[in-house]
Amino acid sequence: MIASPFWDAVVAQEVAGLLETRMRSGLKCVILGRFSNAGERDALPSIERLARHGEIAIMSWFDGDEANRETFHFKAASADRGKLAYLGSANMIRSSLRSRMELGVLLRGGPARELDAVLSVVLSIAKPI
């Protein structure tokens with residue numbers, strides 16, 4: 001699972017390219033974003049094309065108006081049901097990954113499994129795209 005509230009078309013295309021080969025060999029992937037404004041919607045075509053190669057779920061969690069909204073702001077990834085996880089500050093947008101100072105940590109063991117459990121709960125309330 002890869003979770004970031006913000007995605008842009010450039011990074012989505014790069015992530016899709018990295019995942020395509022792995023998905024052909026059976027990788028299953030869940031991508032969580034907000035996908036609520038034009039910038040995030042521009043990222044969807046690259047992510048959706050992954051569906052041709054394997055199992056992918058594209059989910060969104062952003063409900064309500066500006067005053068009463070439910071959403072998320074964390075940036076995280078979990079692999080193999082929490083064997084390895086990442087928690088950090090970088091959105092999946094070009095500026096976060098190339099020109100800003102961001103921070104992230106790799107987690108293993110109990111902390112990775114705990115983060116995976118939190119992500120599973122978030123996915124249970126997210127909506128498919």
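Nothing in this text is a laboratory measurement; each read-out follows from the coordinates by a stated rule. Please read these numbers as outputs of a predicted model, since none were measured by experiment. Virtual Cβ from ideal backbone geometry, glycine too; neighbours counted across all protein chains shown.
Other residues with beta-carbon under 15 Å from the beta-carbon of Ala85 carry, at +1 per Lys or Arg and -1 per Asp or Glu, a net charge of +2. Helices in the chain, meaning DSSP H runs of at least 4 residues, each add -39500 (n - 2.57). Divided by all residues, the mean residue ellipticity at 222 nm is -12000 deg cm²/dmol.
Site-free segments of the chain were taken between GluC sites (Glu not before Pro) in DSSP loops having at most 15 other Cβ atoms within 10 Å, sites themselves excluded; the longest one is 1-65. Listed by chain and number, the aspartates and glutamates whose C-alpha is less than 12 Å from the C-alpha of Lys127, apart from same-chain residues fewer than 8 away, are Asp63. Given +1 at the Cβ of Lys and Arg, -1 at the Cβ of Asp and Glu and no other charges, the dipole of the chain around its Cα centre is 460 debye to the nearest 20. Label positions at Leu18 and Ile129, each projected 7 Å from the Cα along the C-beta direction, are separated by 1.7 nm. In straight-distance terms, cross-link reach from Lys28 covers every one of the aspartates and glutamates whose alpha-carbon lies under 12 Å from its own, apart from those fewer than eight places away in the same chain; here that gives Glu20, Glu55, Asp80. Pick from Leu119, Leu44, Leu97: which residue has the top mean-square fluctuation in a GNM of the chain where Cα pairs under 10 Å get a spring? Per the Cα network of the chain with a 10 Å cutoff, Leu97 tops the list. Cα convex hull, the chain: 108 Å³ per residue, rounded to a whole number. Cα centroid separation, region 2-81 to region 82-121: 14 Å. No solvent, one uniform scatterer per C-alpha: report log10 I(q)/I(0) for region 62-120 via the Debye equation at q = 0.14, 0.26, 0.31 1/Å, two decimals. Debye intensities relative to I(0), on a log10 scale: -0.50, -0.96, -1.10. Under a Gaussian network description of the chain, with springs only between Cα atoms under 10 Å, the residue in Ser78, Ser95, Ser46 that fluctuates furthest is Ser95. Counted over the chain, the DSSP beta bridges are approximately 60% antiparallel.
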